[in-house]
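The values are calculated or read from the model by the stated rules, or taken from the named source; none is laboratory data. What you see is a predicted model, and the numbers here were worked out from it, not measured in a lab. Positions of Cβ are backbone-derived with ideal geometry, glycine not excepted, and every protein chain shown enters the neighbour counts.
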Amino acid sequence: MLTRLSEPFLQVTDLTYQYAPAKSFSLGKQSFTLEKGKLLVILGPSGSGKSTLLQLIAGLLRPNEGEIIMGGKPIHHLPPEKRNLSMIFQKTYLLPFLTVGANVEIGLKLKGMPSHKRRVRSEEILNQVGLTGFYQRPLSSLSGGQEQRVALARSLVIEPQLLLLDEPFSQLDPLLRRQMGSWISDIKRMWEIPMIMVTHDREEALALGDQFLILRDGAEQQSGTLDNIYYEPANRWTADFMGIDNVLDGIKKGTRVTTFLGDLKVHPHCIRVPDGPVRIVLRSEWLQLDFTSSIKATIEGCSFRGEYTEVKANVNGESVVIKQLGLSNYERGMETGVRLATSNVWCLPKEVM
Amino acid sequence: MRRNGVNHGKSYAFLHAIMISLFFLPFIPLLAWSFAQQWRFPDLVPTVSERAWLYVFSTHSQVKDAIFNSLGLAAVTSLLSQVVAYPAARALGLYVKRWNKTIRLLLIAPILIPGISIAIGVHVLFLHSGLSDQWLGVLLSHLIPAIPYSIYLLYGFYAGYDIGYEKQFRLLGAGRLQTFRLVELPLLRSVLSLSILFSFLISWSQYLFTVFIGGGNLITLPMLLFSTLSSGDYSLMGALCMVFVLPALIIVIFSSIGVKKDLFEEKEASRVDPIV
Amino acid sequence: MFYSKSKPIRLMILSGMLVPSLLFVAGTFFAGIFISGVQSLDYFPLIGKTTLSFRVYIELFHSAIFYRSLFFSLGISLAATFISALIAVILALWLRRYVRHGRWLHFLLQFNLPVPHVVGAIAILLLFGQSGLISRLTYWAGMIQQPSQFPVLVTDQNGIGIVLEYVWKEVPFIAVSVLSILKSWVVPYEKQLQLLGANAWQRWKLVTFPFMLPSLLSSSIIVFAYTFGSFEVPYVLGSISKPTLPILAYQAYLNPNLTYRSEAMAINIVITIISMFLVIFYMKWGEGYAEKRR
């Protein structure tokens with residue numbers, strides 16, 4: 001990152017926030033950068049401070065320390081309405097006494113745009129979110145997903161420089177969630193708007209994000225690209241949080257590590273992990289059942305999860321979880337073999353765990 | 001779910017009759033007396049005369065002045081109590097966490113402490129500070145129950161208010177005042193109008209404070225009513241009662257219309273319900 | 001509202017919001033109570049009494065008239081609250097069957113909520129007096145021949161007229177607050193219980209009543225507090241020879257003989273303390289429940 005010549009669009013440096021002194025929770029120093037047209041996902045369990053961070057960027061909370069620079073200008077001292085950004089909350093906060101159109105154009109009205117221009121712009125943006133002809137409708141006629149799209153339109157019509165999303169779809173059903181996710185991706189591409197999204201949903205995060213920041217109890221656990229957080233968990237907690245099912249003991253020696261699955265090659269980024277006892281984190285989708293494999297396994301049980309089958313198998317007295325695409329039915333106690341589908345494995349020093 | 005149409009209708013009509021007679025019956029003698037010249041014992045209908053009403057509406061009667069005094073006092077009381085109550089209610093409902101309940105107890109206590117106790121104490125106080133026998137003193141005394149009542153009503157609104165609406169609008173570029181005008185005020189509207197109307201009513205029907213603090217210099221409608229009561233002129237009493245009830249009637253009609261229009265409340269109510 | 005302000009400034013704004021109302025309540029209400037308290041302790045610098053003494057309270061607590069008034073007031077409040085609550089619950093249970101007609105019934109129910117108590121009291125006087133409308137109806141029904149044969153229901157020794165007025169005025173108040181709970185909260189729970197096999201009585205005992213209890217309790221406390229301290233209603237409908245506690249304070253205060261002044265103040269303090277307890281009950285039970293629910 002430091003080698004880049006141009007200034008990043010958004011630069012957050014050492015942002016900290018402390019709630020009332022009596023409360024123990026505080027958000028430790030947070031720093032990150034964000035480029036135009038990228039989506040940063042702030043991921044973490046509830047109470048990790050992810051919403052706090054978002055509210056600091058929005059200006060709804062005042063940071064104790066640190067600075068936020070957007071488009072080359074510091075904005076951390078500005079009130080929220082002067083920051084030229086937009087935020088979408090869990091609830092839509094559409095005003096029930098106004099029509100769809102009036103809700104969408106309210107930001108333009110606040111800027112003093114004349115009403116006929118407002119109307120043209122709002123109808124245009126309603127078209128883009130797939131709500132053509134909804135301008136005159138009362139709010140009560142909308143479904144949940146439509147309401148979210150109106151809220152999105154309202155936030156986009158003021159052409160914000162940055163869009164903040166605070167678990168925007170958590171109240172929608174899974175199908176709508178996925179749809180709204182692809183809307184967000186489309187808008188990001190078409191408008192080149194940088195976005196920051198807060199979520200605790202791993203799947204949604206991985207599907208939408210370009211950059212990631214994982215928080216726990218107000219402290220950063222890991223940040224980086226999709227590859228980083230998918231393949232290279234920084235510690236055991238992140239590995240668990242990112243849904244890595246298999247954590248195995250092993251002895252590392254140089255570029256190899258010895259485990260009950262055999263002698264494996266270590267990921268090049270892990271070379272610096274000191275030799276000796278380590279833990280190997282292994283995604284269940286990297287293991288496959290294979291009769292011909294030399295690593296023998298016994299099936300302990302399996303359950304179908306809609307798209308894949310989760311198989312529990314016993315290898316050399318240790319339990320591992322394996323994901324098989326599609327529906328498969330294995331009988332308990334069946335003898336089979338396991339094959340590793342990756343060329344190298346990620347390992348963590350034992351004391352970090 | 002009308003399985004039992006006929007029965008349903010009958011019991012509904014019965015309920016209706018009971019409610020109407022319960023709540024309206026007491027007004028019948030009042031209304032009748034206001035049009036009575038004489039109403040001797042066994043008669044069910046009085047001999048009719050408009051005397052009382054003519055007196056109420058005559059230009060040289062005390063009644064007109066009393067009505068104007070009451071109206072003016074109630075209007076000023078109502079507006080002032082909103083001005084004082086609004087910021088306090090907002091602060092308590094949204095921001096003040098520590099001591100919240102205690103502060104509320106102190107602010108709301110005057111509603112539940114009997115008027116006679118307050119009136120006597122405040123009378124002595126105002127005698128000392130020279131506020132008694134004055135318009136200002138009476139106004140201040142009317143504010144004593146009105147402000148807590150407004151705080152109570154408005155606090156109820158802010159305790160269940162989702163500040164997210166305001167956050168959202170600040171982020172869309174609205175300043176503090178615009179947020180107030182476009183978001184807060186429309187959402188607050190029905191509760192605020194209730195608060196305005198009820199603090200008006202508190203002042204309008206105030207007798208003890210007016211008579212103690214005003215010392216008889218400021219004649220209001222309730223004072224006239226009490227003096228008529230001791231004079232035994234039932235016809236005038238009936239007519240005055242009718243005038244006295246009028247604002248209350250307007251308020252009921254207004255609030256029942258207001259409640260229906262309140263889409264926001266309806267939506268919130270259904271959201272609160274955990275199962276339906 | 002002040003997101004970008006620093007903490008000291010936020011504190012200043014907050015106190016600016018609270019101070020006017022606190023100052024007002026302190027400067028009128030609490031100052032008034034304080035003066036009552038001081039004067040009830042026989043402190044009148046104007047006539048040279050500058051020592052505090054509990055003389056008035058000791059006299060008061062040995063006075064039969066005081067106890068008679070106190071128990072009369074408490075009795076009236078208790079009776080009025082209990083009868084109002086009972087009728088209100090029955091009415092609310094009955095009313096909620098007609099959700100479709102809700103608006104009109106609600107309007108009817110709310111009709112006498114804002115009617116001033118004085119008007120209600122005068123109406124009761126004209127309705128239940130010995131020459132009132134009811135008395136005339138019983139004459140035409142042949143039950144009585146003279147007004148004096150009609151039972152004394154107003155300005156009577158038992159406070160029946162006072163209780164009647166309170167019940168008339170407070171039934172809708174309690175019913176409205178109970179009804180709002182019955183309409184919004186209870187139905188799904190009742191259905192759930194019905195599916196588990198509960199009969200009507202069990203549903204009432206296990207769901208309906210516990211659910212309405214907090215709002216019933218809090219509105220009943222308000223009714224009790226109000227009826228206990230009300231002045232206008234016993235003034236119109238009470239007997240002069242048997243005053244309620246507020247009327248006793250009023251009579252003592254207006255007595256031209258200044259020695260009664262401190263007695264009035266002492267009664268005042270007694271009324272205030274009883275009411276303060278009710279306020280605390282209200283905050284503790286009534287409001288507490290409602291907040292937990294939210």
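Brief remarks on what is shown
- Qualifying residue in the range B:63-76 (condition: more than 19 Å from the chain's Cα centre (by Cα) and within 8 Å of another protein chain (Cβ to nearest Cβ)): no
- Only listed residue being out of contact with any strand residue (DSSP E or B) (no Cβ under 6 Å at 6 or more places or on another chain), more than 30 Å from A:Leu215 (Cβ to Cβ), basic (Lys, Arg) and in contact (Cβ under 8 Å) with a residue 12 or more places away in the chain, chosen from A:Lys312, A:Lys253, A:Lys296: A:Lys253
- Residue check, A:Asn344 in contact (Cβ under 8 Å) with a residue 60 or more places away in the chain and either surrounded by 19 or more Cβ atoms within 10 Å (Cβ to Cβ) or not assigned by TED's automatic domain parsing to the domain that holds A:Asp201 (or both): yes
- Subset of the range B:8-39 (residues that are assigned to a helix (DSSP H, G or I), within 9 Å of chain C (Cβ to nearest Cβ), surrounded by 14 or more Cβ atoms within 10 Å (Cβ to Cβ) and within 30 Å of the chain's Cα centre (by Cα)): B:Leu15, B:His16, B:Met19, B:Leu22, B:Phe23, B:Phe27, B:Ile28, B:Pro29, B:Leu30, B:Ala32, B:Trp33
- Considering the range A:262-307, the qualifying strands (runs of 3 or more DSSP E), each wholly inside and each with 3 or more residues that are over 29 Å from A:Asn235 (Cβ atoms), run over A:295-304.
- Subset tally (residues that are β-branched (Val, Ile, Thr), more than 10 Å from chain B (Cβ to nearest Cβ) and in a helix (DSSP H, G or I)) for the range C:1-51: 2
- Meeting the requirement of 2 or more residues that are at pLDDT 95 or above, the helices (runs of 4 or more DSSP H) wholly within the range B:40-150 are B:62-90.
- Selection count where residues are surrounded by 17 or more Cβ atoms within 10 Å (Cβ to Cβ) and small (Gly, Ala, Ser), scope the range A:227-244: 2
- Of the criteria (1) facing chain B (nearest Cβ under 10 Å); (2) closer than 30 Å to B:Ile196 by Cα; (3) not hydrophobic (A, V, I, L, M, F, W, C), which one C:Ser177 fails: (1)
- Lone qualifier among C:Ser262, C:Ser219 - being over 23 Å from the mean Cα position of the chain (by Cα), surrounded by 23 or more Cβ atoms within 10 Å (Cβ to Cβ) and over 30 Å from B:Thr228 (Cβ atoms): C:Ser262
- Counting only helices (runs of 4 or more DSSP H) that sit completely within the range C:72-179, those holding 3 or more residues that are closer than 23 Å to B:Leu229 by Cα and aliphatic (A, V, I, L, M) correspond to C:117-128.
- Residue that is touching a residue at least 12 places away in the same chain (Cβ under 8 Å), at the interface with another protein chain (Cβ under 8 Å from one of its Cβ atoms) and not β-branched (Val, Ile, Thr), where the choices are B:Leu188, B:Leu182: B:Leu182
- Condition met for A:Ser122 (among the polar types (S, T, N, Q), at the interface with chain B (Cβ under 8 Å from one of its Cβ atoms) and surrounded by 18 or more Cβ atoms within 10 Å (Cβ to Cβ)): no
- Residue match in the range B:115-128 (condition: at the interface with another protein chain (Cβ under 9 Å from one of its Cβ atoms) and under 26 Å from B:Ser193 (Cβ atoms)): yes
- Filter result for B:Leu131 (touching a residue at least 60 places away in the same chain (Cβ under 8 Å), under 30 Å from C:Tyr253 (Cα atoms), surrounded by fewer than 22 Cβ atoms within 10 Å (Cβ to Cβ) and not aromatic (Phe, Trp, Tyr)): yes
- Within the range A:114-132, residues that are part of a helix (DSSP H, G or I) reach partners that are among the β-branched types (Val, Ile, Thr) with beta carbons closer than 7 Å, at six or more positions or on different chains, in the pairs A:Arg121/A:Val157; A:Ser122/A:Val104; A:Ser122/A:Val157; A:Ile125/A:Val104; A:Ile125/A:Val157; A:Leu126/A:Val104; A:Leu126/A:Thr132.
- Total residues in the range A:236-250, condition assigned to a helix (DSSP H, G or I) and touching a residue at least 24 places away in the same chain (Cβ under 8 Å): 4
- Among the conditions (1) more than 7 Å from chain B (Cβ to nearest Cβ); (2) free of Cβ contacts under 8 Å to residues at least 60 places away in the same chain; (3) of a type outside the set (Val, Ile, Thr); (4) touching a helix residue (DSSP H, G or I) at 6+ places or on another chain (Cβ under 8 Å), C:Gln149 misses just one, which is (4).
- Search result, residues across the range A:75-109 that are within 7 Å of another protein chain (Cβ to nearest Cβ) and in contact with an Asp or Glu (Cβ under 8 Å, 6 or more places away or on another chain): A:Met87, A:Phe89, A:Lys91, A:Tyr93
- Helices (runs of 4 or more DSSP H) enclosed by the range B:167-253 - at least 1 residues per element that are modelled with pLDDT under 90 and farther than 30 Å from C:Leu237 by Cβ: B:176-179, B:185-204
- Residue match in the range A:160-174 (condition: more than 30 Å from A:Pro74 (Cβ to Cβ) and touching a Leu at 6+ places or on another chain (Cβ under 9 Å)): yes
- Any hit, the range A:213-235, residues being in a strand (DSSP E or B), assigned by TED's automatic domain parsing to the domain that holds A:Thr52 and in contact with a Lys or Arg (Cβ under 6 Å, 6 or more places away or on another chain): yes
- Where a residue in the range A:71-83 is at positive phi and in a loop (DSSP other than H, G, I, E, B) and its partner, wherever it lies, is crowded, with 16+ Cβ neighbours inside 10 Å and polar (S, T, N, Q), with Cβ under 8 Å and at least six apart: A:Gly71/A:Gln161
Results for (1) loosely packed, with under 15 Cβ neighbours inside 10 Å; (2) within 28 Å of the chain's Cα centre (by Cα), shown as yes or no for each residue.
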{"site": "A:Gly72", "(1), (2)": "yes, yes"}
{"site": "A:Ile88", "(1), (2)": "no, yes"}
{"site": "A:Leu94", "(1), (2)": "no, yes"}
{"site": "A:Met113", "(1), (2)": "no, no"}
{"site": "A:Gln146", "(1), (2)": "no, yes"}
{"site": "A:Gln171", "(1), (2)": "yes, yes"}
{"site": "A:Leu176", "(1), (2)": "no, yes"}
